[in-house]
Structure formats: C-alpha cells, structure tokens
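The values are calculated or read from the model by the stated rules, or taken from the named source; none is laboratory data. Just so it is clear, the structure is predicted and the values come from calculations on it, not from any experiment. Neighbour counts are summed over all protein chains in view; Cβ atoms, including those assigned to glycine, are modelled from backbone coordinates with ideal geometry.
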Amino acid sequence: MPDFPELIRDANAAKASGDQDRVDSSLGALQLHLKHELPKDPLVAASCLALVTQVDLIAELEAISKGLESRQGLSKALVVSPDGRGALLEIVVDLAPGSSGVWCPHDLGRDAQLAAQIAAAVALGADLERWGVRWQVRGPALASASRVRGSSLGLAMAMAIRAAVGQRPVPEGWAFTGGVDLDGRIVEVAGVPAKVRAAAEGGIEQVGLSLNDKAGLRIPDGLTIHGYSYFEAACQELWPVGVIRGKSRISWKWVWLLLPVVISWTALLDGLEIYLQGPLMRHVLGELPADNVMVLDVPTKDIEERRWDYPDRIDALVAAGVTTIGFDLLFIEDHPADTEFADAVRRAEKAGVKVVLPKRFEDEHFLPSATELVDVGQSAMVLLNQEMLFGTVRGLYVQKRAVEGSEWALSVELLAGHLGAPRPELKGDTLSVKVLRNRLHREQMLLPPVSRPQRLDWDTPEGFVAAKDKAVLLGVVDGYADVLRTPSGNRYGVEIHAAATEALARQRGLRRASPLTELLLIFVLGLLTTLGARRLGSRRRYWAYGLGFGCVGVLLLALKAGLVFALSPVVIASILGVELSRRV
C-alpha cells in the first residue's frame, strides 16, 4: 500500500491536472489511508490537512500539525542586467507547510522562473510535496524584476530554500551565482566577471559559483571565490554539520539502535535471561542425567564439630568403592580434628581414591588452608560465576589464576580423579581431561540443564555402597539462604559443582559467544529490521519481525551446537527496529 508521501504527491498531481475523477480517486485513497493510520510527523500532517475534506480528519490533523509554522530563508544573488552590468539582489523565501508548488513573482523573466522551480526541486527533494515555496526578489539596483533573466539566481534560490528548511541562516558576506540542474549539478552562467565586480563593490567577501566559471577568473582583492560542481558540496561548506532535506545528516533517533547493544554489554537483563534460556535449553538440549556424581549432605548443626566425623566418612566412602571425593567446604582455620582428618585423606589416596580440598579465592589470592591440611589431598577452587545484578549462576570458571599460581575448579579436579587422569589441560579454548574435550570461552563454562544429583544420608554410612564407581561431593544442602538460580532451576552450591562435573563428563559444557560477535549481531539485526520495515511501508512493516524470528531460530541452532547467545537483546532489537522505522 502507498505511504503518505506517495499519496500526497498523487493528490497534488491530480489537482494540478484538473481531472475531477482523478482528484476524487486520489483524495479518497489518501483519506482511506488516514482512517487506518494518522501521520506522526507534523509536516506530513500539515500536507494532508491541505488536501482532505472530512471534518473528523481535519480536526485530528490540525492537532498533530499544531505549532508548525512557516519558515523563512534569504540569500544574496549576483545577476547581470541586459546592458551587461552586474547587480547584487536578495532572494527572500517563505516555506508554507501543508501545500506544494513554487509561486514566483509575476514580473520575473520566464527563464528565471524555471530556474527557481528547478532550484526548489533540488533543495527540497522529496519534501517538495510538503512545502509550498513563495519567494521574492529585493534590490534597489534593478528598476524591474522582469529585467532578471537566465538561470543566474538558481544557486542563490536553492541556498535560501535550504537555509529555510534547516532553519539556519546563510553566513554573512556570501553571495551566489549559477544555475542548478535537476541532478544537483551547478552549471555555468554568463557575465561572471561583471558579477564578481558587483560583489566586491557591494561588500561581499565570499562568492559561490560553478567550478567551470571559476577557472581563469580575475579575482578582486578582498574577495574569495568558491567553485562547486554540485549543490550539496556547497551546502557542506556553508553548513559543515550538513542539512539535507530539512533534517540533520545524522538522525539521533538511530541512536536507539544502540540500546539493545548496551543491554547486552552491561548484562542488564540477565535476570530475564534465566527465564528465557532455561526453558529453551531444556527444550533444545534436554536435561542431562546425574549419573557420575552423588552428593553427601553434611548436616549444618554444629558443622565445625563435624570435622571429627570426616575421617570416618572418608573411610566409609573408600570402602564403598567411590572413585574420588570432593569437599564443597572450606577448611581455613585450624581444628583439633585436622590431624585425623589429614591421616584419612592419606589413607584414601593410598587406596587410589583422590580427595579434593577447596581453597578460597579472595583479592586475587588463594587463602591458605588449615596447617595440617596444606600438604594433603588435591587443592581446587570453588568460585562460581554469580552475576552481579540478579545473583544468577549460569556458569563457572574452570581455572582461576592468582598471584601465587592457578587452581582448577572443583568440578574439573573431581572429573580428573573420577577418570584417573594425571592432570587436566587447557589449550586455547579447549579443556582436556584425559579423552574428554570441552570448548570454553575465556576459561568459563556455561551450565546446561542437569538433573539433581542423588543424595547420600550422612547418618547411614552403610548406604554409601550406592556410590560405587562414582564421584562424591560433600557439601551443605540446607535452607533457602544457600539456594542459587541456575538454568536447571534453584540449586545449592554443591549441586552446581556436581552439575558442572556431569556436563564436563558428557562433553556437553556450553560456551558463550564472544561479546564482540554478540554486539555486532544485535546491532546488525536492529539496523536490518529498521531498514526492512521502512521499505515494507506502514501496512506491512510488522513483517519485519520475521528477521527477529529468523535470528532466534539461528541462535537455537547455535545453542544445539553448544554456543549460547543472549536472547532478550535480540527481542528488544527487533521491537526497536520496527518502531524506529515509523519515526525516521
């Protein structure tokens, strides 16, 4: 369906033709379009207002176009009289919104009137149908405007119109002479030497004319001559910021396309992402079973006194045939039970069962463990990547570097012990644990959905046989204070480490796309949606949402391959793109 500029243009052309049937048809099409959608641009509303006849539409259009006033611009033109004398005139232009056409002084020469009409078409461009141009010539040097002939005032006329549209004055001390073709080219005119002398005598400092007319021209002292090939080049020199068709060269409305980019960069909607990504991950990837790791729930009552019980639990787990034992508990302060604790760890390792004891990471350092536990077991770090704004945990670091060295994550060390691997390796973005490979991004792994691990009862060591040939994590599972949000739902910290071990064991660890790739995708999507919606027109612009749906489909395929993109900025970029197309 045609948009407003096309409908207005058709209606004005019909009125000019005098064909009443054509007038009725074009006005009917415009008024029907207005019934479905009103323009938001006051200038477009004023253009429609000059055409419609229905009372209800007139009232609505008047409200939109209220406050839009005519604009005035002026510039100085250099012309030559029939007897060959140069003269300095002033071109005064009034632009009336809501009408079209160029009204020339009746006593102006026919060729000068035609030059003025061409100048208006070039200066206004597509806005020619939205502004009516009224202008006059002022200057005491000529007794009658009818003595002005030729196309000499075309460039000055175009400059005055562009000044009026952009509501910027032509700089002081400038005058112009030259014709303007419909393609914007500035053409040479006659009598340039006489015009230049008239400019110097009239106190003009800068003269703009055709580049061809400047060649070989004698220039009086104190006068600067500027030669141009095209009208827009002259505008750029006078107004460096540029005024094109009444708008700045850069519309600040386009800056809104940066909003989803900023949201993605600052992770402002990470709290929303968990609700989008979690269900999509479970639908696309399914939920991994927890078959390799079990959790031994440590009672929180008198938890410090539980250190006396750890040696017995370690011995019971070793006797049950577990592959490795990990603690999601920190042992920083010394305790009387640590000597027996350390002996139990040594007995486990002698029996071929690896024991992992974590360290706390703080201020770029790993805090030392209790004295008796420094030289026993395998150390690891238990730092989760908890997002700042909403506390969501969607991943963790597989390795952390500190001043005194680096430590692998608890999940990595637990998997290495479970497989009997000598040491994990990280080459580039690939984590290798024996034969298993997982792709990472900047040493971080995102968590896929994983089932809750089975729990062992602290008070029934005889039930530990259920953990035969499995890894066991000891940690606290108690109360809402320790619960964190993850793509798998609410999980305790020890369960998150168990889920990370399961994901690595099945080579299903996820990685996030690089920030640059994500930002570029979001910006390009918003830009293409805006341009596509503009091209589709007002009636079909919402089809541009298809680009957003297509992008989401591609991102789901990437998720299937283990690459995760943020989805909420994609949705926002699509919405902003369509809405922005209505305003630029």
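Here is how the numbers come out for the structure above:
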| item | result |
| --- | --- |
| Leading residue by the ranking (modelled with the lowest pLDDT) among those in region 140-150 that are in a loop (DSSP other than H, G, I, E, B) and surrounded by fewer than 24 Cβ atoms within 10 Å (Cβ to Cβ) | A143 |
| Yes/no for A116 being more than 23 Å from D183 (Cβ to Cβ), modelled with pLDDT of 75 or more and surrounded by 15 or more Cβ atoms within 10 Å (Cβ to Cβ) | no |
| Those residues of region 355-404 which are hydroxyl-bearing (S, T, Y) and over 13 Å from I332 (Cα atoms), in sequence order | T392, Y397 |
| Residue, farthest from L474 (Cα to Cα), within region 348-374, restricted to residues that are of a type in the set (V, I, T) and touching a helix residue (DSSP H, G or I) at 6+ places or on another chain (Cβ under 6 Å) | V353 |
| Subset of region 40-78 (residues that are at pLDDT 75 or above, of a type outside the set (A, V, I, L, M, F, W, C) and either over 39 Å from the mean Cα position of the chain (by Cα) or over 28 Å from V170 (Cβ atoms) (or both)) | T53, Q54, D56, E60, E62, S75, K76 |
| Residue ranges of strands (runs of 3 or more DSSP E) in region 416-485 with at least 1 members buried (at least 20 other Cβ atoms within 10 Å of the Cβ) | 430-433, 436-439, 444-446, 471-475 |
| Test: residue in region 327-350 that is of a type in the set (V, I, T), crowded, with 19+ Cβ neighbours inside 10 Å and modelled with pLDDT of 95 or more | yes |
| Residues (without any contact (Cβ under 8 Å) to a residue 24 or more places away in the chain and either crowded, with 23+ Cβ neighbours inside 10 Å or more than 32 Å from the chain's Cα centre (by Cα) (or both)) located in region 490-537 | Y492 |
| Region 79-112 - residue that is of a type in the set (S, T, N, Q) and surrounded by fewer than 23 Cβ atoms within 10 Å (Cβ to Cβ) and, of those, modelled with the lowest pLDDT | S99 |
| Residue match in region 520-530 (condition: assigned by TED's automatic domain parsing to the domain that holds L259 and closer than 21 Å to P448 by Cα) | no |
| So L238, is it assigned by TED's automatic domain parsing to the domain that holds G184 and under 11 Å from A175 (Cβ atoms) | no |
| Scope region 378-392; condition among the aliphatic types (A, V, I, L, M), assigned to a loop (DSSP other than H, G, I, E, B) and in contact with a helix residue (DSSP H, G or I) (Cβ under 8 Å, 6 or more places away or on another chain); matching residues | V382, L389 |
| From E413, E407, residue being closer than 18 Å to L329 by Cα, in a helix (DSSP H, G or I) and among the acidic types (D, E) | E413 |
| Residue in region 561-571 that is more than 21 Å from Q277 (Cβ to Cβ) and small (G, A, S) present | no |
